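Step one of this worksheet: look at the structure below.
The values are calculated or read from the model by the stated rules, or taken from the named source; none is laboratory data. Quick caveat, the model's predicted, so the values are computed rather than measured. We place every Cβ from the backbone using ideal geometry, glycine too, and count neighbours over all the protein chains shown.
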Amino acid sequence: MYAIDLSGKKGIVFGVANDRSIAWAIASILGQAGARLALTYQGDRLEERVSRLADSLDGALVLPCDAADDDQIAEVFRRVKETFGEISFLVHSIAFANREDLEGRFSETGREGFRIALEISAYSLLPLVKHAAPLMTGGGSVVAMTFQASQRVYPGYNVMGTAKAALEHAVRQLAAEFGEQDIRLNAISAGPLETLAARGISGFRDMRRMHAEKAALKRNITGDEVAKTALFLCSDLSSGITGSVIPVDAGYHMMAV
Ligand code: NAD
């Protein structure tokens, strides 16, 4: 339990697949802080697992949401409005690219693979924020998950680096658009964590080892460290921060060698 109290606050966490998901680490800590949550999952096969995880949270809603499906997105917000009335935070922890586009030559990425990666991993933030804004009547905080491949070339990351660059720009653009409504948007740039999504990146193990060697703290980060930063961003303690990309990477980003 951390000394941030979110009692009475409500919000949605998108992107729980299993107990290793960054979204789950964030949901757990937000729940421990007293927040009431809606969790979304993609596809029927994840429903049971996510529902079981949600059992440990007080009064959580569990809803399907495929980020490619506008009707499902609208339904999530309809149900959340009906049940919670208003919300004060939203966590976007969703990314996807076809496996063949996460290895080999970037120049070989096809139009469809490029479109899918950008649509699911970056564009999806726009409709989620558009729907969330009317429910954030007392202001709000939106947190998205990014990776340093938005700025630097990581072998194997390929089109996901392009998607993360687009996502980070979308965070800034939306932060400017919704600032007047006191809705803040920030991204957390996490160091490599062993999750389902990470398994699809070729050379991920080596990347993790190199991060631990080079990072200022000489280690990898944990999901809990990302979650603690998300908790801060979802709370009033971060009220002056918007449009930022905050590295939670044990200081890897600022090392030259
Ligand atoms: P994860 O596989 O647990 O989470 C990815 C989620 O995206 C899953 O829940 C999956 O169901 C969801 N998703 C994929 N396609 C979707 C769609 N069409 N509609 C709705 N949801 C969809 O892996 P994770 O590592 O926890 O990834 C969460 C976020 O963190 C991603 O944005 C990822 O790029 C980012 N990130 C991960 C790392 C890492 O090393 N694991 C580092 C930095 C950033």
* Structure fact -> Of (1) more than 16 Å from the ligand (Cβ to nearest atom); (2) within 20 Å of the chain's Cα centre (by Cα), SER124 satisfies every one except (1)
* To do: Considering only the stretch 1-116, give the strands (runs of 3 or more DSSP E) lying wholly within it that have at least 1 residues that are under 15 Å from the mean Cα position of the chain (by Cα).
  => 10-14, 36-41, 89-92
* **Considering residues of the stretch 103-121 that are within 16 Å of THR146 (Cα to Cα) and not acidic (Asp, Glu) only, the residue farthest from the ligand (Cβ to nearest atom)** => LEU118
* To do: Can you work out which of the residues in the stretch 146-170 that are of a type outside the set (Phe, Trp, Tyr) and buried (at least 24 other Cβ atoms within 10 Å of the Cβ) is farthest from VAL245 (Cα to Cα)?
  => ASN158
* Asked: What pairs can you find where one residue is in the stretch 184-198 and under 17 Å from ARG20 (Cα atoms), the other is near the ligand (Cβ under 7 Å from one of its atoms) and modelled with pLDDT under 95, and their Cβ atoms are less than 8 Å apart, with a gap of 6+ or different chains?
  -> PRO192/ALA198
* Could you please let me know if ASP58 is surrounded by fewer than 16 Cβ atoms within 10 Å (Cβ to Cβ), under 24 Å from LEU233 (Cα atoms) and at pLDDT below 95? => yes
* Return yes when ALA74 is away from the ligand (no atom under 16 Å from the Cβ), surrounded by fewer than 19 Cβ atoms within 10 Å (Cβ to Cβ) and within 21 Å of ALA144 (Cβ to Cβ) and no when it is not. => no
* Evaluation of GLU177 against (1) more than 14 Å from the ligand (Cβ to nearest atom); (2) touching a residue at least 12 places away in the same chain (Cβ under 8 Å); (3) part of a helix (DSSP H, G or I); (4) not polar (S, T, N, Q) (one fails), failing number -> (2)
* In the stretch 5-25, what residues are more than 9 Å from the ligand (Cβ to nearest atom) and either of a type in the set (Phe, Trp, Tyr) or buried (at least 20 other Cβ atoms within 10 Å of the Cβ) (or both)? -> LEU6, LYS9, LYS10, GLY11, ILE12, VAL13
* Read through the list (1) of a type in the set (A, V, I, L, M, F, W, C); (2) closer than 28 Å to TYR41 by Cβ; (3) at pLDDT 95 or above, then give the number of the only condition that ILE201 fails. => (3)
* Hey, among ARG205, ARG184, which residue is more than 22 Å from SER88 (Cβ to Cβ) and away from the ligand (no atom under 11 Å from the Cβ)? -> ARG205
* Asked: Exactly one of (1) of a type outside the set (A, V, I, L, M, F, W, C); (2) surrounded by fewer than 20 Cβ atoms within 10 Å (Cβ to Cβ); (3) within 13 Å of the ligand (Cβ to nearest atom); (4) in a helix (DSSP H, G or I) is unmet by GLU194. Its number?
  -> (4)
* Structure fact -> Those residues of the stretch 56-80 which are over 22 Å from ILE26 (Cβ atoms) and in contact with a Pro (Cβ under 9 Å, 6 or more places away or on another chain) amount to ASP70, ALA74, GLU75
